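Some notes on the structure that comes next.
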Amino acid sequence: MQPYPSHLVERLALGDGSEVTIRPIRPEDADIEQDFVRNLSGESRYYRFMDSVRELTPRMLSHFTRVDYDRHMALIAVSGIDGNEIQVGVARYVAAEDRQTCEFAIVIADDWQRKGLGARLMRSLMSSARAAGIRVMHGDVLAGNQRMLQFTANLGFHSRLAEDDTRLMRVEIDL
């Protein structure tokens with residue numbers, strides 16, 4: 001595991017005045033990651049996991065919070081509410097063996113959607129991937145998830161029907 005990349009921590013104010021911190025995830029974030037997933041709407045969980053996940057298994061939780069900050073990067077958005085840090089978004093990539101391409105995933109808490117947080121989180125993730133030498137970022141999106149397809153198009157991703165599953169669209173961008 002690489003040292004914690006503190007240079008990726010950024011504090012920002014969203015258009016509505018909400019303040020968040022974007023930072024790399026840490027193993028000790030397991031509880032806020034689990035709470036985050038539990039509090040997503042059924043639709044948001046389905047669109048993120050393409051399954052009816054209600055909470056993360058111990059294995060998934062370990063995988064999602066114990067990243068190496070090199071081949072696997074996860075950035076979370078946190079906000080302080082009533083003196084406690086809560087997770088309001090997460091974006092991650094996992095690089096392919098050749099380290100030239102990576103697959104990404106992103107999900108934003110339902111109450112925090114449409115505030116510009118997703119775009120800020122994705123731009124930070126794309127910048128991190130670019131700095132790691134990754135040249136292409138891609139992801140699979142359920143074809144019925146029009147908001148995500150529009151979101152990625154607005155970021156410059158191109159989409160096409162996935163070759164192996166007609167329920168999916170493959171979105172891709174050159175970094």
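The values are calculated or read from the model by the stated rules, or taken from the named source; none is laboratory data. Being a predicted model, the structure only gives us computed values, none of them experimental. Neighbour counts run over all protein chains shown; Cβ positions are idealised from the backbone, glycine included. Remember, those area values only see protein heavy atoms, side chains included, never the ligands or the DNA or RNA. Shrake-Rupley method; radii C 1.70, N 1.55, O 1.52, S 1.80 Å.
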Of Leu75, Ser62, Gly133, which is farthest towards the positive pole of the range 23-175's charge dipole, taken about the Cα centre with +1 and -1 on the beta-carbons of Lys, Arg and Asp, Glu respectively? Gly133
Within the chain: Cβ-based charge dipole about Cα centre, in debye rounded to nearest 20 (Lys, Arg +1; Asp, Glu -1): 340 debye
Against the globular-protein guess of 2.2 N^0.38 Å, express the Cα radius of gyration of the range 62-114 as a ratio, rounded to two decimals. 1.34
Give me the distance in nm between label points sitting 7 Å out from Cα along the Cα-to-Cβ direction at Gln150 and Ala119, one decimal. 1.3 nm
Taking all protein chains together and a probe of 1.4 Å, list Arg48, Arg11 from the most accessible to the least accessible. Arg11, Arg48
Could you check what % of the DSSP bridge pairs in the chain are antiparallel, to the nearest 5? 90 percent
Answer rounded, prolate or oblate for the range 25-121, using the Cα gyration tensor with square roots of eigenvalues a ≥ b ≥ c: rounded when a/c is under 1.5, else prolate when a/b is larger than b/c, else oblate. rounded
The range 89-138 - share of DSSP beta bridges that are antiparallel (%, nearest 5): 70 percent
Under the classification rounded if a/c is under 1.5, otherwise prolate if a/b is larger than b/c and oblate if not, where does the range 1-80 fall, given a ≥ b ≥ c as square roots of the Cα gyration tensor eigenvalues? oblate
Using only alpha carbon pairs under 8 Å that are at least six residues apart, calculate the relative contact order of the range 1-126 and give it in whole percent. 25 percent
Rounded to two decimal places and with Rh computed the Kirkwood way over Cα pairs, what is Rg over Rh for the chain? 0.93
Per residue accessible area of the range 1-96, 1.4 Å probe, in Å²: 53 Å²
Which percent of the accessible area of the range 1-105 is formed by carbon and sulfur heavy atoms (probe 1.4 angstrom)? 45 percent
If packing is taken as the average number of other Cβ atoms within 10 Å across a peptide's residues, how do 14-23, 116-125 rank, most packed first? 116-125, 14-23
Below 14 angstrom from the Cβ of Glu28, what's the summed charge of the other residues (Lys, Arg +1; Asp, Glu -1)? -2
For the range 118-158: rounded, prolate or oblate by the Cα gyration tensor [a/c cutoff 1.5]: prolate
Any idea how far apart Arg26 and Ser127 come out in nm if each label point goes 7 Å out from Cα toward Cβ? 2.1 nm
